[in-house]
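Colleague: Can you read through this structure? Questions will come right after.
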Amino acid sequence: MKNTPFWHEAAPPEDPSGAELPARCDAAIIGSGFTGLSAALTLAEAGRDVVVVESGPPGAGASTRNGGMIGWGHRVDLASLSKRYGAENARAILAEARMSLDFTTGLIERLGEDVRYRRTGRFLGASSQAKFEDLKRWAETEAPQLGMEVEVVSQERQHEHIATGLYKGGLHFRQHGGLHPALFHRALLNAARAAGVTVVDHTKVETLTGDAAAGFTLRTDRGEMAARDVIWAGNGYTGIGTFRDFASRLIPVPSTIIATEVLGANRVASLIPSGNMIVETLARHSYFRPDPWGERILWGGRASLNVLPEEESAKRLRRFMLSVFPDLEGAKLTHSWKGFVAFTFDGVPHIGRIGGVWHACGYNGSGVAMAPYLGHRLAERVISGEEGRTGFDAAPFSSPAFYRGNPWFLRGVELWYKLKDWRDTHRV
Ligand SMILES: Cc1cc2nc3c(=O)[nH]c(=O)nc-3n(C[C@H](O)[C@H](O)[C@H](O)COP(=O)(O)OP(=O)(O)OC[C@H]3O[C@@H](n4cnc5c(N)ncnc54)[C@H](O)[C@@H]3O)c2cc1C
C-alpha cells in the first residue's frame, strides 16, 4: 500500500524546478494550493507581477490530496449563523457557497483541461430515523431559501444512490459533483504560469516583516524577496511560528483517505449506482465516491482528529467502509494518505487582511469550490478594494484567548464525536 495520494498517479508532484526567488515583486503569495494559485491567476491577468512561494512541490498541501467532491460547502446552518451574525448577514454568508460553486465550475470550463469534473450529485445518508427527520425538515425549510436543489430520499429509494442498509434515507444534492483534484490543480498551475506567474517551489517562507504602507520582506531558506502586497494562503499548513496571526485563528485537522484496488466498473456501480459523491451525518464524517474512472472506491473520513500512523488510519477507514459495504471485506487497499484541513472557531471561511497581510482560509474541510473562489475574490480586493467584498466580511475572524495554534483540545472533541455517533446509531 502506497502512502501517497491516488491522485498523484495521474498527476505526480513536479520535481524541484530550481526557480530563483526574484529580488522583488508586486504581490507575493505564500502557498500554491487552490487559494494561492487562483489569487495569482487573477492578479497576473490584471497585470501584476506575481510570485508564488511554496515550501514543497506546487500543490503540496490539501489541494492535491482531497476527496475531489465539489459542492456547497458550509458546515453551519442558517439558524445558528443568524444567532451569531443576524439573519441578513447569515443569508449573505450562506449565499457565498452557491457563488463559489458557480465560480469554480466556470473556472474549470475556462481552463479547458480535462479534470474529470462531472455533476454527479451528492447523497447525504442519515444515520438514524431521527436524523432523517431533521434532514427532511431542513430540506423543506432552509434549502429553498438558499436556492439548493435538494431531494428527500426515503430509505426505500436509497438503493438508487447507494447499496447499503446502514442509512435510514437521506438527501440528494443535484448540483454537487466530483473531479480529479490533482488534475484540476495542475490545470490551474498551468494557467497561472501562462499568465506570467512565477512559482518558486521547495522554498519555505521563514519570516515576514514590514507593513502595508512600506511593503514587506519575505525571508526564505533560499534568500529574500521584497513585495508590495502579501497573501497568506497556507490554510491547514500554517503551523505554529511565523504566521501567528493565522495560526491562532485556524485549527489544523488531519483528514485521511484510502483507495481500494481496481474493483471494476460493474462492481463499483453495484455499490454506488448513480456514481454519486456520498457523505453521512455521523461525526466520523465518512466521505466516499467512485474514482473518476468508476473503477475503485475512494474512502475518506476522520480516522482521528489527531495524526495517526498511515497503517492505523487505513485500518480505521477500512472498518468504516465495511460498515457501509460489508461486501468489500476481501478488497485490497492500494493507497492511504492524509492532508490537513483548517477549521475556524465559527465554522465559516474568512477573507480579509490582518497586520497588512491578505488572507483567504478556513474552509472547514470544504474548499474545492470555496478556495479558488475566495482566492479570486481576495485578488480582486487587492487590486481594487470594493469588488472583492463578500458575505464573509460581516463575520469577524476570531482568535480565542486560550488558543495559540496548538489544538490541544482535539482529543476531547474526538471523544465527544465518538459518543455522539454512538448515540446517533442507537437512536431510532
Ligand atoms: C484529505 C482531505 C480531503 C478533502 N476533501 C475535500 C472534498 O472532497 N471537497 C472539498 O470541498 N474539500 C475537501 N478538502 C479541503 C480542501 O482540499 C481544502 O480546503 C483546499 O484544498 C484548501 O486549499 P488552500 O490552497 O487554501 O490550501 P492548501 O492546498 O493546503 O495549500 C497550502 C500550501 O501552503 C504551503 N505553505 C504553508 N506554509 C508555507 C511556508 N511557510 N512557506 C511556503 N509555503 C507554505 C503548503 O506547503 C501548502 O502547499 C479536503 C482536504 C483534505 C486534506
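Colleague: Kindly indicate whether Val357 is away from the ligand (no atom under 16 Å from the Cβ) and either under 21 Å from Met277 (Cβ atoms) or among the β-branched types (Val, Ile, Thr) (or both).
Modeller: No.
Colleague: Which members of the stretch 226-256 meet the condition of being in a strand (DSSP E or B), over 18 Å from Ala62 (Cα atoms) and more than 12 Å from the ligand (Cβ to nearest atom)?
Modeller: Matches in the stretch 226-256: Ala226, Ala227, Arg228, Asp229.
Colleague: Now, a different point. Before we move on, is Gly215 without any contact (Cβ under 8 Å) to a residue 40 or more places away in the chain and small (Gly, Ala, Ser)?
Modeller: yes
Colleague: How many residues, within the stretch 7-50, are closer than 29 Å to Asp291 by Cβ, within 11 Å of the ligand (Cβ to nearest atom) and not small (Gly, Ala, Ser)?
Modeller: Residues flagged as closer than 29 Å to Asp291 by Cβ, within 11 Å of the ligand (Cβ to nearest atom) and not small (Gly, Ala, Ser) within the stretch 7-50 amount to 5.
Colleague: Just the residues that are of a type in the set (A, V, I, L, M, F, W, C) and touching a residue at least 40 places away in the same chain (Cβ under 8 Å), please, taken from the stretch 115-135.
Modeller: Once the filter is applied, which keeps residues that are of a type in the set (A, V, I, L, M, F, W, C) and touching a residue at least 40 places away in the same chain (Cβ under 8 Å), the stretch 115-135 yields Val115, Phe123, Leu124, Ala126, Ala130, Leu135.
Colleague: Of the numbered conditions (1) crowded, with 23+ Cβ neighbours inside 10 Å; (2) more than 24 Å from Gly356 (Cα to Cα), Glu20 satisfies every one except a single condition; which is it?
Modeller: Just one mismatch for Glu20, condition (1).
Colleague: So which of Asp421, Asp393 is assigned by TED's automatic domain parsing to the domain that holds Arg316 and surrounded by 13 or more Cβ atoms within 10 Å (Cβ to Cβ)?
Modeller: Asp421
Colleague: Could you count how many residues in the stretch 158-172 are of a type in the set (A, V, I, L, M, F, W, C) and touching a Pro at 6+ places or on another chain (Cβ under 8 Å)?
Modeller: Of the residues in that region, 2 qualify.
Colleague: Anything in the stretch 325-379 that is in a loop (DSSP other than H, G, I, E, B), small (Gly, Ala, Ser), touching a helix residue (DSSP H, G or I) at 6+ places or on another chain (Cβ under 6 Å) and buried (at least 18 other Cβ atoms within 10 Å of the Cβ)? List them, or say none.
Modeller: Within the stretch 325-379, Ala369 is the sole residue that qualifies.
Colleague: Related question: What are the residues in the stretch 383-403 that are within 28 Å of Glu45 (Cβ to Cβ) and in contact (Cβ under 8 Å) with a residue 24 or more places away in the chain, if any?
Modeller: Matches in the stretch 383-403: Ile383, Gly388, Thr390, Gly391, Phe392, Asp393, Phe397.
Colleague: OK, next. For Thr4, state whether it is under 30 Å from Leu146 (Cβ atoms) and surrounded by fewer than 24 Cβ atoms within 10 Å (Cβ to Cβ).
Modeller: Values: under 30 Å from Leu146 (Cβ atoms): no; surrounded by fewer than 24 Cβ atoms within 10 Å (Cβ to Cβ): yes.
No: the conditions fail for Thr4.
Colleague: Condition first: within 13 Å of the ligand (Cβ to nearest atom), assigned to a helix (DSSP H, G or I) and either touching a Pro at 6+ places or on another chain (Cβ under 8 Å) or modelled with pLDDT under 95 (or both). Now tell me which residues in the stretch 51-80 satisfy that. If you could, list the steps in order and put the result at the bottom.
Modeller: Taking the stretch 51-80 and keeping what is within 13 Å of the ligand (Cβ to nearest atom), we get 51-75.
Still in the running and assigned to a helix (DSSP H, G or I): 62-64.
Answer for the stretch 51-80, where residues must be within 13 Å of the ligand (Cβ to nearest atom), assigned to a helix (DSSP H, G or I) and either touching a Pro at 6+ places or on another chain (Cβ under 8 Å) or modelled with pLDDT under 95 (or both): Ser63, Thr64.
Colleague: Here is a further query. Restricting attention to the stretch 296-307, and to residues there that are outside any strand (DSSP E or B), surrounded by 17 or more Cβ atoms within 10 Å (Cβ to Cβ) and not polar (S, T, N, Q), which single residue is modelled with the highest pLDDT?
Modeller: Among those that are outside any strand (DSSP E or B), surrounded by 17 or more Cβ atoms within 10 Å (Cβ to Cβ) and not polar (S, T, N, Q), it is Arg296.
Colleague: From (1) more than 20 Å from the chain's Cα centre (by Cα); (2) part of a strand (DSSP E or B); (3) among the aromatic types (Phe, Trp, Tyr), pick out the condition that doesn't hold for Tyr167.
Modeller: Against the list (1) more than 20 Å from the chain's Cα centre (by Cα); (2) part of a strand (DSSP E or B); (3) among the aromatic types (Phe, Trp, Tyr), Tyr167 comes up short only on (2).
Colleague: Please work out which one of (1) touching a Lys or Arg at 6+ places or on another chain (Cβ under 8 Å); (2) buried (at least 21 other Cβ atoms within 10 Å of the Cβ) is the condition Leu135 fails and give its number.
Modeller: (1)
Colleague: Among the numbered criteria (1) in a loop (DSSP other than H, G, I, E, B); (2) over 20 Å from Phe243 (Cβ atoms); (3) not aliphatic (A, V, I, L, M), which single criterion is violated by Asn190?
Modeller: Among (1) in a loop (DSSP other than H, G, I, E, B); (2) over 20 Å from Phe243 (Cβ atoms); (3) not aliphatic (A, V, I, L, M), Asn190 violates only (1).
Colleague: Tell me which residues, restricted to the stretch 303-349, are small (Gly, Ala, Ser) and more than 16 Å from the chain's Cα centre (by Cα).
Modeller: Across the stretch 303-349, the qualifying residues are Ala303, Ser304, Ser313, Ala314, Ser323, Gly330, Ala331, Ser336.
Colleague: Would you confirm whether any residue within the stretch 217-224 is under 21 Å from Gly375 (Cα atoms) and among the small types (Gly, Ala, Ser)?
Modeller: No, the stretch 217-224 contains no residue that is under 21 Å from Gly375 (Cα atoms) and among the small types (Gly, Ala, Ser).
Colleague: Being part of a loop (DSSP other than H, G, I, E, B) and either modelled with pLDDT of 90 or more or at positive phi (or both) is the filter here, so list the residues in the stretch 128-143 that pass it.
Modeller: Correct list: Ser128 only.
Colleague: Further question: Could you list all residues from the stretch 263-282 that are away from the ligand (no atom under 16 Å from the Cβ) and touching a residue at least 60 places away in the same chain (Cβ under 8 Å)?
Modeller: Result: Leu263, Ser270, Leu271, Pro273, Ser274, Thr281, Leu282.
Colleague: Suppose we filter the stretch 184-207 for residues that are surrounded by fewer than 21 Cβ atoms within 10 Å (Cβ to Cβ), more than 10 Å from the ligand (Cβ to nearest atom) and touching a residue at least 60 places away in the same chain (Cβ under 8 Å); how many remain?
Modeller: Initial filter on the stretch 184-207 (surrounded by fewer than 21 Cβ atoms within 10 Å (Cβ to Cβ)): 190, 193-196, 198, 202, 204, 206-207.
Remaining after also requiring more than 10 Å from the ligand (Cβ to nearest atom): 190, 193-196, 198.
Pick out the ones that are also touching a residue at least 60 places away in the same chain (Cβ under 8 Å) and you get 190, 195-196, 198.
Of the residues in the stretch 184-207, 4 are surrounded by fewer than 21 Cβ atoms within 10 Å (Cβ to Cβ), more than 10 Å from the ligand (Cβ to nearest atom) and touching a residue at least 60 places away in the same chain (Cβ under 8 Å).
The values are calculated or read from the model by the stated rules, or taken from the named source; none is laboratory data. No experiment lies behind these values; they were computed from the predicted model shown. With ideal geometry, Cβ positions are generated from the backbone for all residues, glycine too; neighbour counts draw on all protein chains shown.
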